[in-house]
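S.K.: Pasting a structure below so you can have a look.
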Amino acid sequence: MRIPYIVMLAAILIFSAGCAQKKPVLYHNAHYNNTSPEQRDKDINYCIEQGKTNIGESSRGKTSLKSGIKGSVIGGAVGLGIGIITGSPGTSTAAGALGGGAGGAASGAFDDSGDALFRRYVNRCLQDKGYEPIGWK
């Protein structure tokens, strides 16, 4: 049975990608150029912590898990329907659930919608310190 190993590997990769924390990218303005790399990192970390405290940070792991469960249910239902027609409902249901779960988890891991407010808060904090955030990576 190779399918469970493939699904497990895919889940690990998806969850680890979803948990990597992105940080703001700063434009090299006068304030940036007059600040040491250590101070810039300290300011970024301070603003991120302020954002977590005051806004909260969405959890991509939770979003991915919810999407994976939803995908498994839908995939299992579709697989069951196909299995009834083809004569192998058990195998088709399992295959549909595994495929739907993997697809749902991948979709949830890359959902950025919950991070928008958090990022705006951190960007504003950095702007108040004299930086010009231009994006996140």
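Coordinate-derived values only; no laboratory data. Values in this document were obtained by computation on a predicted structure and should not be read as measured data. Neighbour counts run over all protein chains shown; Cβ positions are idealised from the backbone, glycine included.
S.K.: Going by amide H atoms built from the backbone, whose H comes under 5 Å of the H on W136, apart from near neighbours?
M.R.: Residues meeting the amide H criterion: V25.
S.K.: What is the calculated FRET efficiency for V25 to I55, with r their C-beta to C-beta distance and R₀ = 25 Å, to the nearest 0.05?
M.R.: Computed FRET efficiency for V25 and I55 comes out at 0.80.
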